[in-house]
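Q: Could you have a look at this structure, given as C-alpha coordinates, before my questions?
The values are calculated or read from the model by the stated rules, or taken from the named source; none is laboratory data. Note that the structure is a prediction, hence the values are computed from the model and not measured. Accessible surface areas use protein heavy atoms only, side chains included; no ligands, DNA or RNA. Shrake-Rupley method; radii C 1.70, N 1.55, O 1.52, S 1.80 Å.
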Amino acid sequence: MRLVCNLQVGNRLLPTLNLTGRKKSNKTQLSLGRNPGSDSKDGELYIMVCTSKNLNGTKYKVRGNVEQVFTKFMDQGKATVRVKEPAHDLIVSQADVIQLKSFLHALKLGLQNKDIGQVKLSTLRPASSAQVEKQKTRLVVTSRRDYPLTTSFPYSLESLKISTCTLRKVDGRISSLKHLTVLDLSENQLRDLPDDLAKLQHLAELHLQNNVVEKFPASLCIAYSRSLRLLDMNNNMLSCLPPQFCELTELVNLKLDNNQLASLPKNFGNLINLRFFAASSNQLKSIPCTFLQLTLESVDLYGNPFDYESVANVRSEMMLDSIHIRRYSAATVPLSRFITKMCLWKSLL
(Lines give C-alpha, C1' and ligand atoms only; values in the text may rest on other atoms or scores of the structure.)
Protein backbone atom coordinates (compact mmCIF):
# COMPACT_ATOMS: atom_id res chain seq x y z
CA MET A 1 0.00 0.00 0.00
CA ARG A 2 1.66 3.18 -1.22
CA LEU A 3 0.63 6.82 -1.23
CA VAL A 4 2.35 9.65 -3.13
CA CYS A 5 1.75 13.02 -1.51
CA ASN A 6 3.37 16.09 0.01
CA LEU A 7 4.50 15.42 3.56
CA GLN A 8 5.52 17.73 6.34
CA VAL A 9 7.09 16.14 9.43
CA GLY A 10 6.39 17.96 12.67
CA ASN A 11 8.49 17.31 15.78
CA ARG A 12 6.31 17.95 18.81
CA LEU A 13 9.27 18.29 21.18
CA LEU A 14 11.07 21.14 19.42
CA PRO A 15 8.54 23.90 20.28
CA THR A 16 9.23 23.25 23.95
CA LEU A 17 12.83 24.28 23.23
CA ASN A 18 11.71 27.38 21.29
CA LEU A 19 12.71 25.75 18.01
CA THR A 20 10.72 25.32 14.82
CA GLY A 21 8.82 22.07 15.04
CA ARG A 22 8.08 21.47 11.35
CA LYS A 23 10.25 20.71 8.38
CA LYS A 24 9.48 21.94 4.87
CA SER A 25 6.87 19.98 2.93
CA ASN A 26 8.38 17.56 0.38
CA LYS A 27 7.19 15.17 -2.29
CA THR A 28 7.00 11.85 -0.45
CA GLN A 29 6.15 8.20 -0.94
CA LEU A 30 4.39 6.70 2.08
CA SER A 31 4.36 2.90 2.28
CA LEU A 32 2.39 0.70 4.66
CA GLY A 33 3.85 -2.78 4.94
CA ARG A 34 6.27 -5.21 6.52
CA ASN A 35 10.03 -5.69 6.35
CA PRO A 36 11.31 -7.99 3.59
CA GLY A 37 11.30 -11.62 4.70
CA SER A 38 8.95 -11.08 7.64
CA ASP A 39 5.88 -13.28 8.17
CA SER A 40 2.97 -12.15 6.01
CA LYS A 41 0.55 -12.37 8.95
CA ASP A 42 2.50 -11.78 12.13
CA GLY A 43 5.22 -9.45 10.86
CA GLU A 44 5.34 -5.99 12.38
CA LEU A 45 3.58 -3.23 10.39
CA TYR A 46 5.45 -0.02 9.60
CA ILE A 47 4.82 3.28 7.86
CA MET A 48 7.83 4.04 5.69
CA VAL A 49 8.56 7.62 4.58
CA CYS A 50 10.78 8.03 1.49
CA THR A 51 11.83 11.39 0.04
CA SER A 52 14.30 12.50 -2.63
CA LYS A 53 16.81 13.26 0.15
CA ASN A 54 16.20 9.99 1.94
CA LEU A 55 15.45 7.24 -0.58
CA ASN A 56 16.16 4.52 2.01
CA GLY A 57 13.31 5.89 4.08
CA THR A 58 12.39 6.35 7.74
CA LYS A 59 10.20 3.73 9.39
CA TYR A 60 7.50 4.28 12.01
CA LYS A 61 6.08 1.32 13.90
CA VAL A 62 2.27 1.16 13.64
CA ARG A 63 0.82 -1.03 16.40
CA GLY A 64 1.07 0.54 19.81
CA ASN A 65 2.86 3.56 18.35
CA VAL A 66 0.31 5.45 16.21
CA GLU A 67 -1.45 7.64 18.75
CA GLN A 68 -4.10 9.33 16.59
CA VAL A 69 -5.16 9.87 12.98
CA PHE A 70 -6.77 13.21 12.02
CA THR A 71 -9.08 12.87 9.00
CA LYS A 72 -11.28 16.00 9.11
CA PHE A 73 -9.92 17.28 5.78
CA MET A 74 -9.50 13.90 4.11
CA ASP A 75 -11.81 14.95 1.24
CA GLN A 76 -9.27 17.67 0.44
CA GLY A 77 -6.41 15.18 0.24
CA LYS A 78 -5.17 16.05 3.74
CA ALA A 79 -4.63 14.04 6.92
CA THR A 80 -2.26 13.83 9.91
CA VAL A 81 -0.84 10.70 11.54
CA ARG A 82 0.46 11.27 15.08
CA VAL A 83 3.06 8.79 16.37
CA LYS A 84 4.45 8.40 19.89
CA GLU A 85 8.06 7.39 19.20
CA PRO A 86 9.55 9.54 17.91
CA ALA A 87 7.11 12.34 18.79
CA HIS A 88 6.31 13.20 15.18
CA ASP A 89 3.25 14.35 13.27
CA LEU A 90 3.14 13.12 9.68
CA ILE A 91 1.16 15.89 7.94
CA VAL A 92 -0.15 14.73 4.55
CA SER A 93 -1.34 17.13 1.84
CA GLN A 94 -2.00 17.15 -1.92
CA ALA A 95 -2.78 13.45 -1.91
CA ASP A 96 -5.18 11.73 -4.26
CA VAL A 97 -8.38 11.49 -2.21
CA ILE A 98 -9.23 7.91 -3.20
CA GLN A 99 -5.70 6.66 -2.57
CA LEU A 100 -5.57 8.52 0.76
CA LYS A 101 -8.82 6.91 1.92
CA SER A 102 -7.53 3.46 0.95
CA PHE A 103 -4.25 4.07 2.79
CA LEU A 104 -5.97 5.26 5.96
CA HIS A 105 -8.45 2.37 5.83
CA ALA A 106 -5.58 -0.13 5.73
CA LEU A 107 -3.84 1.76 8.55
CA LYS A 108 -7.01 1.58 10.64
CA LEU A 109 -7.25 -2.19 10.17
CA GLY A 110 -3.62 -2.51 11.22
CA LEU A 111 -4.20 -0.44 14.36
CA GLN A 112 -7.19 -2.57 15.33
CA ASN A 113 -5.20 -5.80 14.83
CA LYS A 114 -7.78 -6.93 12.30
CA ASP A 115 -7.08 -9.21 9.37
CA ILE A 116 -5.67 -7.13 6.56
CA GLY A 117 -4.82 -10.11 4.40
CA GLN A 118 -7.04 -8.82 1.62
CA VAL A 119 -5.27 -5.43 1.64
CA LYS A 120 -2.30 -5.21 -0.70
CA LEU A 121 0.57 -4.20 1.57
CA SER A 122 3.97 -3.06 0.38
CA THR A 123 7.30 -4.74 0.89
CA LEU A 124 9.32 -2.01 2.53
CA ARG A 125 12.15 -1.23 0.16
CA PRO A 126 14.00 2.00 -0.75
CA ALA A 127 12.17 4.22 -3.21
CA SER A 128 13.49 5.19 -6.63
CA SER A 129 14.17 8.80 -7.60
CA ALA A 130 11.27 8.73 -10.08
CA GLN A 131 8.82 7.79 -7.33
CA VAL A 132 9.58 10.83 -5.20
CA GLU A 133 10.48 13.47 -7.78
CA LYS A 134 8.65 16.77 -7.61
CA GLN A 135 5.29 16.80 -9.37
CA LYS A 136 5.42 18.45 -12.76
CA THR A 137 3.18 21.51 -13.08
CA ARG A 138 4.19 22.85 -16.51
CA LEU A 139 4.63 21.13 -19.87
CA VAL A 140 5.50 22.65 -23.28
CA VAL A 141 5.27 20.61 -26.49
CA THR A 142 6.24 22.39 -29.72
CA SER A 143 6.82 19.48 -32.11
CA ARG A 144 5.06 16.24 -32.99
CA ARG A 145 8.23 14.36 -32.11
CA ASP A 146 7.90 15.41 -28.47
CA TYR A 147 4.16 14.74 -28.22
CA PRO A 148 3.41 12.18 -25.43
CA LEU A 149 1.75 9.38 -27.41
CA THR A 150 2.82 6.42 -25.27
CA THR A 151 2.87 8.20 -21.90
CA SER A 152 0.12 10.11 -20.13
CA PHE A 153 0.11 13.80 -19.30
CA PRO A 154 1.23 14.41 -15.68
CA TYR A 155 -1.92 14.62 -13.57
CA SER A 156 -0.47 17.54 -11.60
CA LEU A 157 -0.13 19.88 -14.63
CA GLU A 158 -1.26 23.46 -14.10
CA SER A 159 -0.01 24.86 -17.42
CA LEU A 160 0.01 22.99 -20.74
CA LYS A 161 1.19 24.34 -24.09
CA ILE A 162 0.87 22.25 -27.26
CA SER A 163 1.78 24.48 -30.19
CA THR A 164 2.83 24.00 -33.83
CA CYS A 165 1.99 20.28 -33.70
CA THR A 166 -0.63 20.37 -36.52
CA LEU A 167 -3.27 18.96 -34.17
CA ARG A 168 -6.67 18.50 -35.85
CA LYS A 169 -8.47 17.38 -32.68
CA VAL A 170 -8.08 18.19 -29.00
CA ASP A 171 -6.55 15.26 -27.15
CA GLY A 172 -9.24 13.73 -24.92
CA ARG A 173 -6.71 13.19 -22.14
CA ILE A 174 -6.45 16.94 -21.58
CA SER A 175 -9.93 17.11 -20.06
CA SER A 176 -8.77 14.91 -17.15
CA LEU A 177 -6.15 17.46 -16.01
CA LYS A 178 -8.20 18.85 -13.14
CA HIS A 179 -5.52 21.27 -11.90
CA LEU A 180 -5.02 22.99 -15.27
CA THR A 181 -5.28 26.80 -15.17
CA VAL A 182 -3.50 27.67 -18.45
CA LEU A 183 -4.14 25.82 -21.73
CA ASP A 184 -2.35 26.89 -24.93
CA LEU A 185 -3.30 25.05 -28.14
CA SER A 186 -2.25 27.84 -30.49
CA GLU A 187 -0.88 27.40 -34.01
CA ASN A 188 -2.45 24.06 -34.79
CA GLN A 189 -5.26 23.01 -37.14
CA LEU A 190 -8.11 22.69 -34.66
CA ARG A 191 -11.60 23.13 -36.10
CA ASP A 192 -13.81 22.04 -33.18
CA LEU A 193 -13.61 22.38 -29.41
CA PRO A 194 -15.03 19.33 -27.59
CA ASP A 195 -17.54 19.72 -24.77
CA ASP A 196 -15.22 17.61 -22.58
CA LEU A 197 -13.03 20.68 -22.08
CA ALA A 198 -15.79 21.94 -19.79
CA LYS A 199 -14.30 19.61 -17.14
CA LEU A 200 -11.40 22.07 -16.75
CA GLN A 201 -13.32 24.19 -14.27
CA HIS A 202 -10.26 26.05 -12.95
CA LEU A 203 -9.08 27.27 -16.35
CA ALA A 204 -8.03 30.94 -16.24
CA GLU A 205 -6.33 31.30 -19.64
CA LEU A 206 -7.24 29.71 -22.96
CA HIS A 207 -5.01 30.38 -25.97
CA LEU A 208 -6.42 29.18 -29.31
CA GLN A 209 -4.96 31.69 -31.75
CA ASN A 210 -3.95 30.62 -35.24
CA ASN A 211 -6.30 27.66 -35.67
CA VAL A 212 -9.44 27.21 -37.80
CA VAL A 213 -12.03 27.08 -35.01
CA GLU A 214 -15.51 27.87 -36.36
CA LYS A 215 -17.50 28.19 -33.12
CA PHE A 216 -17.04 28.56 -29.40
CA PRO A 217 -19.27 26.01 -27.58
CA ALA A 218 -21.94 27.27 -25.20
CA SER A 219 -20.97 24.51 -22.75
CA LEU A 220 -17.52 26.08 -22.30
CA CYS A 221 -19.03 29.50 -21.67
CA ILE A 222 -21.04 28.08 -18.78
CA ALA A 223 -18.18 25.97 -17.40
CA TYR A 224 -15.66 28.84 -17.44
CA SER A 225 -18.04 31.55 -16.24
CA ARG A 226 -16.25 31.94 -12.89
CA SER A 227 -12.66 31.22 -13.89
CA LEU A 228 -11.67 32.35 -17.39
CA ARG A 229 -9.82 35.69 -17.45
CA LEU A 230 -8.06 35.58 -20.83
CA LEU A 231 -9.34 34.18 -24.12
CA ASP A 232 -7.24 34.48 -27.28
CA MET A 233 -9.11 33.47 -30.45
CA ASN A 234 -7.14 35.60 -32.92
CA ASN A 235 -6.86 34.27 -36.47
CA ASN A 236 -9.62 31.68 -36.51
CA MET A 237 -12.87 31.20 -38.45
CA LEU A 238 -15.44 32.33 -35.87
CA SER A 239 -18.64 33.60 -37.53
CA CYS A 240 -20.68 34.17 -34.36
CA LEU A 241 -20.59 33.90 -30.58
CA PRO A 242 -23.31 32.08 -28.61
CA PRO A 243 -25.57 34.11 -26.28
CA GLN A 244 -24.00 32.19 -23.37
CA PHE A 245 -20.69 33.87 -24.19
CA CYS A 246 -21.84 36.81 -22.08
CA GLU A 247 -21.73 34.58 -18.99
CA LEU A 248 -17.91 34.77 -19.03
CA THR A 249 -18.11 37.59 -16.52
CA GLU A 250 -14.54 37.11 -15.21
CA LEU A 251 -13.00 37.85 -18.63
CA VAL A 252 -10.44 40.65 -18.50
CA ASN A 253 -8.72 40.21 -21.87
CA LEU A 254 -10.57 39.12 -25.04
CA LYS A 255 -8.83 38.78 -28.41
CA LEU A 256 -10.94 38.11 -31.52
CA ASP A 257 -8.87 39.68 -34.31
CA ASN A 258 -9.04 38.26 -37.83
CA ASN A 259 -12.18 36.15 -37.65
CA GLN A 260 -15.48 36.23 -39.55
CA LEU A 261 -17.68 37.74 -36.84
CA ALA A 262 -20.70 39.56 -38.24
CA SER A 263 -22.08 40.61 -34.85
CA LEU A 264 -21.53 40.49 -31.09
CA PRO A 265 -24.09 39.12 -28.60
CA LYS A 266 -26.57 41.80 -27.59
CA ASN A 267 -25.74 41.31 -23.87
CA PHE A 268 -22.03 41.88 -24.49
CA GLY A 269 -22.09 44.54 -21.76
CA ASN A 270 -22.51 41.76 -19.17
CA LEU A 271 -18.75 41.17 -19.41
CA ILE A 272 -18.32 43.56 -16.51
CA ASN A 273 -14.63 42.81 -15.87
CA LEU A 274 -13.51 43.19 -19.48
CA ARG A 275 -10.69 45.73 -19.80
CA PHE A 276 -8.95 44.80 -23.08
CA PHE A 277 -10.95 43.98 -26.20
CA ALA A 278 -9.76 43.49 -29.77
CA ALA A 279 -11.91 42.42 -32.72
CA SER A 280 -10.17 44.01 -35.70
CA SER A 281 -10.53 42.66 -39.24
CA ASN A 282 -13.88 40.96 -38.79
CA GLN A 283 -17.22 41.56 -40.55
CA LEU A 284 -18.81 43.67 -37.82
CA LYS A 285 -21.33 46.21 -39.09
CA SER A 286 -22.71 47.16 -35.68
CA ILE A 287 -22.04 46.81 -31.99
CA PRO A 288 -24.55 46.21 -29.20
CA CYS A 289 -25.84 49.15 -27.21
CA THR A 290 -24.76 47.35 -24.02
CA PHE A 291 -21.16 47.91 -25.14
CA LEU A 292 -21.41 51.30 -23.38
CA GLN A 293 -21.70 49.50 -20.03
CA LEU A 294 -18.10 48.30 -20.26
CA THR A 295 -15.13 50.00 -18.60
CA LEU A 296 -12.46 49.35 -21.20
CA GLU A 297 -8.84 50.45 -21.11
CA SER A 298 -8.12 49.39 -24.68
CA VAL A 299 -10.33 48.56 -27.67
CA ASP A 300 -9.36 47.76 -31.27
CA LEU A 301 -12.09 47.53 -33.93
CA TYR A 302 -10.04 48.52 -36.97
CA GLY A 303 -10.82 46.89 -40.29
CA ASN A 304 -14.54 46.21 -39.80
CA PRO A 305 -17.13 47.32 -42.43
CA PHE A 306 -19.18 49.47 -40.05
CA ASP A 307 -22.14 51.13 -41.80
CA TYR A 308 -22.70 54.88 -41.48
CA GLU A 309 -26.31 55.80 -40.83
CA SER A 310 -27.59 59.31 -40.47
CA VAL A 311 -28.35 60.53 -36.98
CA ALA A 312 -32.00 60.59 -37.95
CA ASN A 313 -31.99 56.80 -38.17
CA VAL A 314 -30.16 56.16 -34.91
CA ARG A 315 -33.35 56.11 -32.83
CA SER A 316 -34.80 53.19 -34.73
CA GLU A 317 -31.47 51.35 -34.72
CA MET A 318 -31.15 51.67 -30.94
CA MET A 319 -34.51 49.99 -30.54
CA LEU A 320 -32.77 46.94 -32.05
CA ASP A 321 -30.11 47.09 -29.34
CA SER A 322 -27.36 48.18 -31.75
CA ILE A 323 -25.61 51.34 -32.87
CA HIS A 324 -23.92 51.75 -36.24
CA ILE A 325 -20.66 53.63 -36.52
CA ARG A 326 -18.39 54.81 -39.34
CA ARG A 327 -15.41 52.88 -40.58
CA TYR A 328 -12.37 54.19 -38.76
CA SER A 329 -9.09 54.60 -40.60
CA ALA A 330 -6.91 54.67 -37.48
CA ALA A 331 -5.01 51.52 -36.63
CA THR A 332 -6.69 51.44 -33.22
CA VAL A 333 -10.00 53.05 -32.34
CA PRO A 334 -9.37 55.51 -29.49
CA LEU A 335 -11.76 54.57 -26.70
CA SER A 336 -12.43 58.19 -25.72
CA ARG A 337 -13.39 59.09 -29.32
CA PHE A 338 -15.52 55.98 -29.56
CA ILE A 339 -17.46 56.71 -26.37
CA THR A 340 -17.74 60.42 -27.19
CA LYS A 341 -19.44 59.67 -30.51
CA MET A 342 -21.78 57.21 -28.79
CA CYS A 343 -22.78 59.75 -26.18
CA LEU A 344 -23.23 62.45 -28.81
CA TRP A 345 -25.65 60.31 -30.78
CA LYS A 346 -27.62 59.43 -27.66
CA SER A 347 -27.95 63.12 -26.76
CA LEU A 348 -29.47 63.89 -30.16
CA LEU A 349 -32.34 61.44 -29.74
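Q: Tell me, what is the 1.4 Å probe accessible area of M1, in Å² to the nearest 10?
A: 40 Å²
Q: Here's something else I'd like to know. Give me the percent of accessible area attributable to carbon and sulfur for the stretch 162-279, probe 1.4 angstrom. Mind showing how you got there, number by number?
A: Details: 2350 of 4980 Å².
Of all accessible area on the stretch 162-279, carbon and sulfur atoms account for 47 percent.
Q: State whether the stretch 137-235 is rounded, prolate or oblate according to the following rule on the C-alpha gyration tensor (a ≥ b ≥ c being the square roots of its eigenvalues): a/c under 1.5 gives rounded; otherwise a/b larger than b/c gives prolate, and the remaining case gives oblate. Can you show the working numbers first?
A: On the way: a/c = 1.64, a/b = 1.14, b/c = 1.44.
It comes out oblate by the Cα gyration axes.
Q: Using the Kirkwood radius built from alpha carbon pairs, what does the Stokes-Einstein equation give as D for the stretch 206-272 at 37 °C and 0.692 mPa s, in µm² per second? Write down the numbers at each step before the final one.
A: Details: Rh = 11.8 Å.
Diffusion coefficient, whole number: 277 µm²/s.
Q: Another question about this same structure. Quick one: accessible surface of S152, probe radius 1.4 Å, all protein chains present, in square angstrom to the nearest 10.
A: Near enough 90 Å² of accessible area.
Q: Could you rank I272, I47 by how accessible they are, 1.4 Å probe, largest area first? The partial results should precede the final answer.
A: Numbers: I272 110, I47 5 Å².
From most accessible down to least: I272, I47.
Q: With a 1.4 Å probe and all protein chains kept in place, how do I222, I98 rank by accessible area, largest first?
A: Values: I222 95, I98 125 Å².
Sorted descending by solvent-accessible area, the residues read I98, I222.
Q: For the stretch 170-199 and the stretch 134-164, what is the centre-to-centre distance using only Cα atoms, to the nearest Å?
A: 12 Å
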